[in-house]
1. Considering amide H positions built from the backbone, and no H for Pro or chain starts, which residues 5 or more places from A:Val155, or on another chain, come under 5 Å of its amide H?
2. Would you mind calculating the relative contact order of the stretch A:761-806 from Cα pairs under 8 angstrom and at least 6 residues apart, reporting the percent as a whole number?
3. How high is the relative contact order of chain A, given as a whole-number percent (alpha carbon pairs under 8 Å, six or more residues apart)?
4. Apply the Kirkwood formula to the stretch A:733-775: the hydrodynamic radius equals the inverse of the mean of 1/r over all pairs of different alpha-carbon atoms; give it in Å with one decimal.
5. With only Lys, Arg, Asp and Glu charged, each at its Cβ (+1 for the first two, -1 for the last two), find how big the charge dipole of the stretch A:560-689 is about the Cα centre; round to the nearest 20 debye.
6. Here are some pairs, A:Lys32/A:Lys98; A:Lys2/A:Lys32; A:Lys393/A:Lys562; A:Lys233/A:Lys416; which of them have Cα atoms lying more than 31 Å apart in this structure?
7. Whole-Hz ³J(HN,Hα) for each residue in the stretch A:644-658, computed from phi via Karplus 6.51 cos²θ - 1.76 cosθ + 1.60 with θ = phi - 60°, x for glycine and proline: what do you get?
8. In whole Å and largest first, what semi-axes does the C-alpha gyration tensor of the stretch A:259-376 yield when each eigenvalue is scaled by 5 and square-rooted?
Amino acid sequence: MKYDFSAIEQKWQQKWWAEKTFACTEDSSKKKFYALVEFPYPSGQGLHVGHARPYTAMDVVARKRRMDGYNVLFPMGYDAFGLPTENYAIKNHIHPAKVTHDNIENFRKQLQMLGYSFDWDREVNTTDPSYYKWTQWIFLQLWKKGLAYKTTMPVNWCTSCKCVLANEEVVDGVCERCGSPVIRKEKSQWMLKITEYAQRLIDDLDGLDFIERVKTQQKNWIGRSTGAEVVFKSTAGDDILVYTTRPDTLFGATYMVLSPEHELLKKWMPMLKNSEAVQAYQKEAASKSDLERAELNKEKTGVCLDGVKGINPVNGKEIPIFISDYVLATYGTGAIMAVPAHDDRDWEFAKKFGCEIIEVVSGGEDVQQAPFTAKDETGILTNSEFLNGMTVKDAIPVITKWLEDKGIGHAKVNYKLRDWVFSRQRYWGEPIPMIYCEKCGWQPMDESQLPLLLPEVESYEPTDDGESPLSKMTDWVNTTCPCCGGAAKRETDTMPQWAGSSWYFLRYMDPHNDKELASQEALKFWSPVDWYNGGMEHTTLHLLYSRFWHKFLYDIGVVPTKEPYAKRTSHGMILGEGGEKMSKSRGNVINPNDVIAQYGADTMRTYIMFIGDFEKAAAWSDNAVKGCKRFLDRVWNLATDQEHVGEDYSAANEVSIHRTIKKVSEDIEAMKFNTAIAALMSLVNDYYQNGASRGDMKVLLLLLSPFAPHMCEELWELAGYGGQVCLQAWPTYEEAKTVTATTQMAVQVGGKLRANIVVPTGSDDETVVAAALANEKIAKLAEGMELVKSIVVKGRLVNLIFKPKA
RNA sequence: GCGGGCGUGAUGAAAUUGGUAGACAUGCAAGAUUUAGGUUCUUGUGAAGCGAUUCGUGUGGGUUCGAGUCCCACCGCCCGUACCA
């Protein structure tokens, strides 16, 4: 009988989707398990193999957990707002909603062709007004709690998208999406105060089962540092506030640096003798793009202020003040005290500009030759009056206390994390439900009026002046103030792509609710997500943003848990044949549809799981795909060509079966899918060797079914085991039956392998040593020797140490 | 620079976490079946040697009865970050 994968796959998919086999409800008799994968952006290219890896992996886990007896929620949806759709719409004059609809149809079809066990009744789409109504609602709650605000500030501006970007969206100084240069632009923007949650976003990582890489990356991005803020007087009479992580080095501060944007400069300008040079430097710094700034930062630049000096508060010394773009306006106070003896950047700057370098921590090399930056016990304070003789660690609290007592400083924690720039000057996003009234200022829309629908527009093109296309829709823009009833204007910017995905996992719990974003019962039942798999590239974007929103929703009593995701794992990328990144220009893109047509979805699934370590990048190989097809063919032929008698496990296969059940069960949970499949291949090899009973075949189909569900269903039906394989209980094993009666053990002499012996399983050490010495080869080696030591590793090997007889 | 990870046959990779290196596949070779190709099946496949043996997990050293695994130094690759005071 031929393995007609195409007919078999269609048959079972039709049955699953028609009968809603994987639909789930809040059924409290079973333990719940919420498995989540990142929903795709429905691009015009359709699903690619990069999607198939995480989706197949979690589908395998979900299918196995269902068989384990869990009540499994495994949903899918579409993160459909965003630029590619909008750009396609502009080019082809089709409404983005239509483009989105068509792309989603295609994606759903492709996902269904792969046989993923999603509960399709729970599908969500972020561009659906019934969905983004709640995205807008959350924004209003943030606004009410003072966590959303509008401010004018220099922002990242993509020159090609004509749109602002969040810090997280700028990669190497260029736009994460299109690769165009990013420049700084003063714009009025909606911001979300993610910084208010910085400490909690760090602290609460501790209780989570996230892979370590994700935790450290998030911690680094949030970038907590502890230190002190210190007031320096100036000869102009103004105070200059600086932030330092090394207050212990205050006596070594020989100059100061302000960022070129520092506000005191405006006030001081008239009293500066070199104001022209200062202004020229400011202008130059402002015009640099991020990319230029990054490239140029090897060489320090700056201008010394001629006419104003700073005063070091610990010794009253007058020290020069510079401006330089190595000091950032957006971090700390935008001003630093420079301690060239103990900071790499200050040292480099001091060498170039001839500033004094005074050692205040001894223990390193000559500070005139290189800075000494160690913060541990190796450094001892010197040239620092009352701090002399202390270690850096001990000196910090002493000097901090001293500053506090004098009223010129205090301990301070800083974070690298910035507030989230939340508006975009584009059409295809959630409208921000805010109204501006000349009299009343910014006013929220009445919640009962939500959703605020995106209006139909003539052109989706972003405007060159940096305004959203919505700004041209005067009918839509002009409205009345919810507060005073007077004439007012709507906000015309839209939300960033990351808005809809920041809470979608909550909507899956109760996707059709039109009263709340999800009911309390559903939220209590399903929260938190038990296992979330997604890409490393979202660690400081989606994953951080959604943790922030979830914490906010927890604070206002909407969700029952502090954290959205209990466990986070991550998959490696799928590369093209030869190990290069898949791309259209290289022509090495693998389309899942082609693979399915040629080999079937089950082969595709099995291969993508067999390809290698799940967490690491893996290169596609057509030959290896064939190998997996061959494996499934072998299973099919074994099941249909041979006769299988007996419901019990056959004696010849019993040990292999118990071992394989154990291995496959453990490996799926540990995401070691490649070795799980290897174990199944071995089992099939055993069946070919020994023959297989009906019972043997049954357990094979159960174990293989999460990987190759269609074929296993068909063979299950053909064999007449009854019911569907996906609804059966996962097989169990007995530890005692994973061992054979006898065990082969290696015999080493002085650590070198010399022989193999077979002993009864569980033999004690003396028996093993005796058996080893009785071995012909070993006996030969032992001639004229005396056994001085033997090491037995139970069930593995015995190592004998001889020395010549005296 | 800094932080994290990795380096194993011709190739993708395994290795019970200090215990027989190369499981399972791919590729290749020989043979069987076939008119032939394909499929399928069998056998072999780290290197050297007729052989017993010897060597072998990026390089060099160390700890250990025993090291792919632990420690030190170096080389190479990948990812993250980017003047965060």
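Every read-out reported here was derived from the displayed coordinates using simple, explicitly stated rules and does not represent laboratory data. Quantities reported herein were computed from a predicted structural model and do not represent experimental measurements. With ideal geometry, Cβ positions are generated from the backbone for all residues, glycine too; neighbour counts draw on all protein chains shown.
1. Those lying under 5 Å, H to H, from A:Val155 are A:Lys185, A:Glu186, A:Lys187.
2. Details: 44 pairs, mean separation 16.5, N = 46.
Relative contact order here is 36 percent.
3. Values: 1452 pairs, mean separation 111.2, N = 806.
Answer for chain A is 14 percent.
4. Details: mean 1/r = 0.0883 Å⁻¹.
Roughly 11.3 Å, rounded to one decimal.
5. Numbers: 16 positive and 18 negative charges, 146 e Å.
My answer is approximately 700 debye.
6. Values: A:Lys32/A:Lys98 37 Å; A:Lys2/A:Lys32 40 Å; A:Lys393/A:Lys562 34 Å; A:Lys233/A:Lys416 26 Å.
Long pairs (Cα-Cα over 31 Å): A:Lys32/A:Lys98; A:Lys2/A:Lys32; A:Lys393/A:Lys562.
7. Listing the rounded values in order: 10, 10, x, 7, 7, 5, 6, 4, 5, 9, 4, 4, 4, 5, 4 Hz.
8. Working: eigenvalues 129, 69, 30 Å².
For the stretch A:259-376, the ellipsoid semi-axes come out as 25, 19, 12 Å.
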